[in-house]
Amino acid sequence: MPNFLLVGNGAREHAVAKAVCGREDVKLFVYMSAKNPAIVKLCKESGGEFIIGNIENGEEIAKWAKERGIELAFPSPDAVLAAGVVDELQNAGIKCAAPKKAAARLEWDKNYARELMQKNSIEGCPKFKFFNLHKRVKSLGEIEKGAMNGNEELDAVEKEIKEFVNELGGEVAIKPCGLTGGKGVKVTGFQLKNADEAISYAKEVIERKDGGGLGVIIEQKLIGEEFSLMAFCDGKKVVGMPMVQDHKRAYEGDEGPNTGGMGSYSGKGKVLPFLMQKDYDDAMKIMQKICDCMREKEGAEYKGIMYGGFIATKDGVLVIEINSRFGDPEAMNVLAVLKTPLNDVLQKVAGGKLEDNLRWEEKATVVKYLVPQGYPGKSAEPSEIEIDFEKLGKSGAQIYYASVNEREGKVYSGKSRSIAVLGVGESIDEAQETARKGCEAVKGKLWCRNDIGTEALLQKRFEHMQELRG
Ligand code: GLY
């Protein structure tokens, strides 16, 4: 088995590291931006190495990897893919199971993904329009100049924004086109009170250059149940994983500001209990078409994880966004039930030899994120986190370290989500109970959403879909 390089250090990467180290002959090497103690332990036990550095510096990463005889690499976070780390590694002759910058553009430029769907008549694209001071952005930092400048141009754009928001009846989603760590999207009736607030927010996104100044897209507001469907892609073949539902809102009952995701669940089998096989199949068809278009029309073969954010509505499945990596927390749900060794799958992804024969355990999973006080606003100063491993063992839950840092043998919270707690069980409720007990084994100034995976919340999801579909 090759020396395996992982780039990244969150809970999602901890889950990848754990899955990869499931085989004895793997040496794990990790390039990380902060010291994740669990990943470091896996590295050492496997006979590999780690380094703390700038995980977006492809040149340095490729040099480090080359010196260590890395044969297969998995650069994981969105910003790392947008920075072209895969391109640098491949230039150095290292195989990667992740998309190059041009293919990862599906995530780092939301307008690119929408236009790809529109011009190729791919199903599931809601009504949308792109706005920016300049008419088109070719790539990060490369902007075609528009005819007007400054205030004059901003006024003209605001007028167009107003017209489109009115055309959509004032019910809209405002999305910065570039990367915002999952916190940039705002929807009327939720984070935005009304159409006026939506117009102001769209203008602010443009003025402040949120998401790297790539502009903003405005879309019709969609009503339904959201789900994440991730798939392995080898450039041609797209092989789906179990559906997962993440919880973006910070507080119980789906209230409060957006977060990177407060927790998630998957059911027994691939389809969530309140959705249908047809939803799964329709979503898979959309991702297959996107993969085909990337190869045939865009000249940007898509290899790696494709993550479709979908919504099941009364009119069928629509696409919210396409991401170019594992979801976080969703990675922990699916990797907990993947029985085929992950390294074998990633080898096939990189080599263009993926087969539709992956084995999955028939179990439900629940992840709850413990987050610092103040999250997702200004998080409290770093504070110590202690794990009662005896209690954790008794609970049957597993933990994954996220935004934490180890100093002098102690683990401290960072600015973002701290610890993910995973429960696996015969039902979502059983897995939820395990995760809940696991959370009690983690001591620190942290909190979580208690409702994720409970029967009461699932009942609401059933009723919602029944109301929509009759
Ligand atoms: N769970 C949301 C994301 O990974 O983008």
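Nothing in this text is a laboratory measurement; each read-out follows from the coordinates by a stated rule. Because the structure is predicted, anything quoted here is derived from the model rather than measured. Using ideal geometry, Cβ is built from the backbone for each residue, glycine included, and neighbour counts are taken over all protein chains shown.
Here the Karplus curve 6.51 cos²θ - 1.76 cosθ + 1.60, taken at θ = phi - 60°, turns the phi angles of segment 264-269 into couplings of 7, 9, 9, x, 5, x Hz, with x standing for Gly and Pro. Length gained on full extension, Glu386 to Trp360, computed as 0.36 nm times the residue gap minus the Cα-Cα distance: 6.1 nm.
Based on Cα contacts under 8 Å between residues 6+ apart, the chain shows a relative contact order of 16 percent.
Spin-label model, Glu408/Glu204: points 7 Å from Cα along the beta carbon direction are separated by 4.1 nm.
Assuming a ≥ b ≥ c are the square roots of the Cα gyration tensor eigenvalues, decide whether segment 323-470 counts as rounded (a/c under 1.5), prolate (otherwise, with a/b larger than b/c) or oblate. In terms of gyration-tensor shape, oblate. Positive end of the dipole of the chain (Cβ unit charges, origin at the Cα centre): among Leu5, Leu392, Tyr375, the Cα lying farthest that way belongs to Leu5.
Of the residues Val172, Ser200, Ser403, the one whose Cα sits farthest towards the positive end of the charge dipole of the chain is Ser403 (charges of +1 on Lys and Arg Cβ, -1 on Asp and Glu Cβ, taken about the Cα centre). Straight Cα distances below 13 angstrom link Lys285 to the aspartates and glutamates Glu123, with same-chain residues fewer than 8 positions distant left out.
Between Asn57 and Gln220, full extension at 0.36 nm per residue minus the direct alpha carbon distance yields a gain of 55.0 nm.
Across segment 339-348, rounded Karplus estimates of 3J(HN,Hα) from the backbone phi angles (6.51 cos²θ - 1.76 cosθ + 1.60, θ = phi - 60°) give 8, 5, x, 4, 4, 5, 5, 5, 4, 5 Hz, Gly and Pro being marked x. Both radii come from the Cα set of the chain: Rg as radius of gyration, Rh as Kirkwood radius; their ratio Rg/Rh reads 0.95. With R₀ fixed at 45 Å, the C-beta to C-beta distance from Asn166 to Asp292 puts the FRET efficiency at about 0.80. In order along segment 214-222, the phi-based Karplus estimate (6.51 cos²θ - 1.76 cosθ + 1.60, θ = phi - 60°) of 3J(HN,Hα) comes to 7, x, 9, 10, 10, 10, 5, 6, 10 Hz; Gly and Pro are listed as x. Assuming charge only on the beta carbon of Lys and Arg (+1) and of Asp and Glu (-1), the dipole of the chain about its Cα centre is about 580 debye to the nearest 20.
Just tell me the longest site-free run in the chain, where the sites are GluC sites (Glu not before Pro) in a DSSP loop having at most 15 other beta-carbon atoms within 10 Å.
Excluding the exposed sites themselves, the longest stretch runs over 124-354.
Each of Ala156 and Glu252 was given a label point 7 Å from its Cα along the Cα-to-Cβ line. The distance between the two points is 5.2 nm. Modelled spin labels at Lys394 and Lys314, positioned 7 Å past Cα toward Cβ, are 5.1 nm from each other. Estimated at 0.36 nm per residue, the fully extended path between Asn450 and Lys339 surpasses their Cα-Cα distance by 37.1 nm.
What does DSSP give for the chain in terms of the percent of beta bridges that are antiparallel, rounded to the nearest 5?
Here the share of antiparallel DSSP bridges comes out near 80 percent.
Dividing the Cα radius of gyration of segment 398-470 by its Kirkwood radius returns 1.12 for Rg/Rh. Mean separation of Cα pairs under 8 Å and 6 or more residues apart, divided by the residue count, gives segment 362-420 a relative contact order of 46 percent.
Note on Lys368: lysines with a C-alpha under 16 Å away, same-chain residues under 8 apart excluded, are Lys248, Lys437, Lys443, Lys445. The trypsin sites (Lys or Arg not before Pro) of segment 237-336 meeting both criteria, a DSSP state outside H, G, I, E and B (loop) and at most 12 other C-beta atoms within 10 angstrom of the site's C-beta, are Lys297, Lys314. Residues whose amide H falls under 5 Å from that of Val411, counting only those 5 or more places apart or on a different chain, are Ile385, with hydrogens built in the peptide plane.
Taking other C-beta atoms within 10 angstrom as a stand-in for reagent exposure, Leu106, Leu72 fall in the order Leu72, Leu106, fewest first. Taking trypsin sites (Lys or Arg not before Pro) across segment 374-427, the ones in a DSSP loop with at most 16 further Cβ atoms lying within 10 angstrom of their Cβ are Lys378, Lys415.
Helix-only mean residue ellipticity at 222 nm, the chain, DSSP H runs n ≥ 4 weighted -39,500 (n - 2.57), per residue, nearest 500. What is it?
Values: 15 runs with 164 residues, N = 470.
The per-residue figure over the chain is -10500 deg cm²/dmol.
Once backbone amide H atoms are built at 1.01 Å from N, Lys303 has Lys100 as its partners under 5 Å, excluding neighbours fewer than 5 places away on the same chain.
Near the amide H of Thr340, within less than 5 Å, lie the amide hydrogens of Arg359, all on another chain or at least 5 residues away, with H placed in the peptide plane.
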